[in-house]
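The values are calculated or read from the model by the stated rules, or taken from the named source; none is laboratory data. Computed from a predicted model, the values in this text were never measured in an experiment. A quick note on method: Cβ atoms are made from the backbone with ideal geometry, for glycine too, and the neighbour counts reach across all protein chains shown. Just so you know, the surface numbers come from the protein's heavy atoms only, side chains and all, with ligands and any DNA or RNA stripped out. Shrake-Rupley method; radii C 1.70, N 1.55, O 1.52, S 1.80 Å.
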Amino acid sequence: MFPLFRALVLRYLWQRWDRGLLVALSISLGVATLVSAQMLNKCVELAAMDSTVPADVADLYITNGEIGVPWSLVEEVKKANIPGIKRAEPFIIERVMLPEINGRSGILFGTSLTDRTPSDEAAADKLKISFQLVNNPLALIGKPVALSRRLYEDRKKLGKADTDPVEVRYTNNVLKFNLIAVIDIPKDSPIAPFADSLVAMDVKQATVLLRHTDLPRAEDNDRVSRIDFFLEPGADVHRIMDTLQQIAGIRSTVRTPEENRKSTEEVIGGMKIVLNMCSLGSLIVGLFLVYNALSVTVAERRHDIGVMRSLGATRTQIASLFAIEAMTLGLIGAIPGIPLGVTLANFAIDQFGEEFASIFLNGDTARPMLDRRTAIFAIVAGMITSLLAALVPAMQAASDEPADAVRRAPSNTGGIMRWVHRLACVVLIVAGLFMVAYREHLATHQGSLFGMTFVLTGLFLAMPILVAWMARLLIPLCRVLLGVESRLAADNLLRAPGRTGVVIGALAAGVSLMFQTAGVGKSHEVPIRQWLRQVIQADAYVFWGNLASANSSMTPMDPKIADDIRKIEGVDRVVGLRFYRPEFRGTFVMVIGIDAADYRRALRLRMPEGLPKLEKFEELPTGNFVVVSENFAEKWKVKEGDTIAIPGPHGPIDFIIKGVGKDYTWSQGTIFIDRTVFSRVFEDRLVDAYHVFFKLDQDREATYERVRTYTDEHQLLVQNQASVQLYLVGVVDRLFRVAYLQQVVVGIVAALGVVTALLISVLQRRRELGLLRAVGATQLQIIKSVIAEAMLMGLLGTALGFAMGLPMEWYLLNVVLLEESGFRFDMLIPWEQALGIGAVAIVTSTLAGLIPAIHAVRLNITEAIAYE
Amino acid sequence: MMRLVNVTKTYKQGSRTVNAVRGVDLTVPSGEFLAIMGPSGSGKSTLLHLLGALDTPTTGDVIFQEHHLQKMTDRQRSLLRRTKIGFVFQFFNLLPTLKGVENVALPLLLAGTRRKTALEKARVSLDRVGMGHRADHFPEEMSGGEMQRIAIARALVTEPTAILCDEPTGNLDSKTSREILQLLRSLPEEGKCSLVMVTHDRKAAEYGDRLVFIQDGVIAHEEDLRGVGDHLIAASA
């Protein structure tokens, strides 16, 4: 087969490189979005897993979300001496600050560092790390600490000797440790993401560092992040789990590593599916364009196929040649698609560097990485897409009767293919609608998202039929309104809906995706901005770390800071906020401990009209009461008066819902608790951010300067209202910028399709255009006719795109996103953006017509007329 | 030997049914040069396609060396064309993306012959038709006569038992036509190869051994041409 492939396929591709290039580019862009989606998914998944389940090498875990596991449970479990457990190891992971290394943040691992046994070495083996002891005699008598190689080198560059104490800070606790070893973490280690920032110490020392010293008998409240269990080979896992759960009772949960990962996957599952759907969309658009190009290749080479058949080529040989040609183009397209995808993924991550670092423990080091599996997957996907696209044209080529092909008689296969085509459209659309209608019986996301994909693919496939109808409607209009060139263009659309329909479909898909993104963006942006204006009312925001981490529980502050700030002249109220993400019904929800009454009163002064949920805040300090966000109520089907249970340090704690209000903080739902209640029930008095309200009759700028002086003295940061609003609006903008980027890629694929289709149109119309020239048509008239066809395709594609985009926006807002997050948004139509998208689509397709138009006027009239 | 027994062929042209061939009986013995003439649309090309296993009859029997074509699968017919039949068309039907030698080698490549062997055999075939010097040129660089010689070399490369020509001189000037006909005349060989040529041109037909005249899908009459074209052959020589 190879000599035949070399003689026929490679030679054809070499000579018709422009057509091959367009097909390869379409595949390239599709593969690029696929690669970027895969890389982003993997990057976020790894970052999330490393944050929630770091050093995931144990056989079983006892966990309790962010609140942690009480130290007392560690001792109880150890005392129980359960058969089958080789070792139980308490483990702490927390973000800390290293004041002596330019105040950079580090990731603290509290683990057994000093009393290592041979079985501990086994755990170290699983982590693939090695320790290199340093020459520091003080380490034997003081509190030892080990640093990752990178931290150690950075420290050394700052002139620190091994014997100098290592300062580690958590909130206001600053403890000094003695360096005992340097940790080498290879790239394939499960804790590789922490290679730049790891600070390892004995778990008991870590509890001292993290201790809430302001609590009475603080040491009784020591907690660890989790307890890891390493089991004997062949141990009965289920029996051990039952025994451990009996000991832990309601205080914590015993989990296998798989169960532990599941809750995290639940939170990022929606995002992963959306990214995958985007890349799938691009590949589908690419698939149809490749199909289009290959169909035309078949049509163009039909006579050659006839000749080959007359020379003895079998149907299988003909079909195989086209399939191999398609796969070759798929391979050629997929290879450059991979680096392009890497660039796209890096661009997307660069947009969210700060937020990423604040959400995930390893966020500052997590980068999208291309692994061999993704690269192979991308190449295979590119080739399979091309192969799928080639199936129908290859079958058409093979099914043609050689005598018909040689004498250029019309093919008889059209009738059957037409019915197969119609049937496929109906089946896809009906199957998609069924999936949507019965989505509750299918796995999460499958019905709503895959159903939509089926319907869209069916509509896309039906595009030639729709285009033929629309062209029929357009022709009488063109006859009345337009010149002969446009009438010819409209006639051409009607005559070849199979060719133009696919491209118009691709254009419509691009326009509808952009329209839908713009619509969803506007429907989110307007209420979110309005909400931000309502809740960002304080005059100053005090936090530690950076603005992004202020909204997480990563960089807490001492609660006494509030008392200091309150004393500053001009300050009216200081509202502390503490964030906590406990597990709730299999996923993580956001709990915000807030000085509720203070917050309500401060806001009331600035917004006399008030906010519905705010009034309920006044009741929160009086008991175990909460106000929940609308999306929480929607997602978890709860209402005012219901009781919900949230995991606490000693077991689940019941709260009564006092009110439901608008809040867009967290996609899985937000719960507001008064901070005094929060401190009592969760035994946590720390604060992540302070909203500082100034007295209205005081000079704001002067007060702000006084607050700044205080924060500078205490190594804290302060921002004013405008900069916080600007920052948060920027986050929303960047989120949609990434979404738009994906859609622009689809748009480019569609524009490439227009060029291909029009080039092909000129080839197909060669004889007709030659005849027109022969009977006196000028070059300008030919150019006008080709460009008019391009413009008509642009117009139809845009109109269909808007027609599809509107219901898609509604569907995304009211089905997909509502189910995913519970957020309910009113549908807003993005008129301004629609105008821009429409103009760009029509101008792009018109410009795409220029190349084929120039090609058309260069036709040699006599050759064109002789051409069949 | 090829035989048509009471063969009919109808096909659809839009909503119209065309009876291209109606009850034709015809035998082409081995070594014969048969010419088929008839006006446009008379069914002569359809007849040629039926003989060459490019098409199957609606009714009747097409027998190619004891093989009943209508009983064969599409694959078997493809293999038959590949090994036993050579085609020469009016518009040469060379693949524009292949060089002359590659066009000639194509049937061998389709049969799975190694490229090197196929190209060697193709060059021998090109030498036979006097086109060895144009082997590495693309069709667009050749004259009509050269392209038709390449097409004949392609038809000969598998050493077929039947060569079927559809208006092989229809697109050539008279001098080149004579050269091509002279070449074709030299191909049929008793016990080895027969040749069937469809033509509009009476003079071209006179190069053959026998003429069958087709009108409205039936054989209107036959003529024995042995000796008739000797003067033409002598003039060409």
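Among the listed residues A:Leu331, A:Leu428, A:Leu433, A:Leu391, which satisfies the condition of being in the same structural domain as A:Val31 (by TED's automatic domain parsing), within 26 Å of A:Leu34 (Cα to Cα) and at pLDDT 85 or above? Exactly one residue qualifies, and that residue is A:Leu331. Hey, among the residues in region A:303-331 that are charged (D, E, K, R) and open to solvent by less than 20 Å² (accessible area, probe 1.4 Å), which one's farthest from the other protein chains (Cβ to nearest Cβ)? By that ranking, first place goes to A:Glu325.
Determine whether region B:33-52 contains at least one residue that is within 9 Å of another protein chain (Cβ to nearest Cβ), without any contact (Cβ under 8 Å) to a residue 12 or more places away in the chain and either assigned to a strand (DSSP E or B) or within 30 Å of B:Leu172 (Cβ to Cβ) (or both). For region B:33-52, residues within 9 Å of another protein chain (Cβ to nearest Cβ), without any contact (Cβ under 8 Å) to a residue 12 or more places away in the chain and either assigned to a strand (DSSP E or B) or within 30 Å of B:Leu172 (Cβ to Cβ) (or both): present.
Given the options A:Asp18, A:Asp56, name the one that is surrounded by fewer than 23 Cβ atoms within 10 Å (Cβ to Cβ), of a type in the set (Asp, Glu) and farther than 26 Å from A:Thr587 by Cα. So that I can check it myself, show each step before the final result.
On the way: A:Asp56 fails: farther than 26 Å from A:Thr587 by Cα.
Unique residue meeting the criteria: A:Asp18.
Being open to solvent by less than 10 Å² (accessible area, probe 1.4 Å) and more than 9 Å from chain A (Cβ to nearest Cβ) is a property that B:Val28 has.
For region A:1-94, the helices (runs of 4 or more DSSP H) that sit wholly inside it and include 3 or more residues that are more than 14 Å from chain B (Cβ to nearest Cβ) and over 24 Å from the mean Cα position of the chain (by Cα) are A:17-52, A:71-80. For region A:173-205, the set of residues classified as in a strand (DSSP E or B) and among the charged types (D, E, K, R) consists of A:Lys176, A:Asp184, A:Asp202, listed by residue number.
In this structure, is A:Gln715 surrounded by fewer than 18 Cβ atoms within 10 Å (Cβ to Cβ) and either in a strand (DSSP E or B) or not aliphatic (A, V, I, L, M) (or both)?
Values: surrounded by fewer than 18 Cβ atoms within 10 Å (Cβ to Cβ): yes; either in a strand (DSSP E or B) or not aliphatic (A, V, I, L, M) (or both): yes.
Answer is yes for this residue.
Considering region B:105-200, the qualifying helices (runs of 4 or more DSSP H), each wholly inside and each with 3 or more residues that are within 12 Å of another protein chain (Cβ to nearest Cβ), run over B:115-128, B:144-156. Determine if region A:672-683 includes at least one residue that is open to solvent by 40 Å² or more (accessible area, probe 1.4 Å) and not in a loop (DSSP other than H, G, I, E, B). Checking region A:672-683: at least one residue is open to solvent by 40 Å² or more (accessible area, probe 1.4 Å) and not in a loop (DSSP other than H, G, I, E, B).
Mind counting the residues in region B:156-175 that are open to solvent by less than 40 Å² (accessible area, probe 1.4 Å) and modelled with pLDDT under 85? Quick ask: steps written out before the conclusion?
Here is the first cut: in region B:156-175, the ones open to solvent by less than 40 Å² (accessible area, probe 1.4 Å) are B:156-158, B:160-169, B:172.
Going one step further and asking which of them are modelled with pLDDT under 85, we end up with B:172.
Final tally of qualifying residues: 1.
The set of residues in region A:347-380 that are assigned to a helix (DSSP H, G or I) and at pLDDT below 85 comprises A:Phe347, A:Ala348, A:Ile349, A:Asp350, A:Gln351, A:Gly353, A:Glu354, A:Glu355, A:Phe356, A:Ala357, A:Ser358, A:Ile359. If the condition is being surrounded by fewer than 17 Cβ atoms within 10 Å (Cβ to Cβ), within 12 Å of chain A (Cβ to nearest Cβ) and not in a helix (DSSP H, G or I), then region B:55-93 contributes only B:Thr73.
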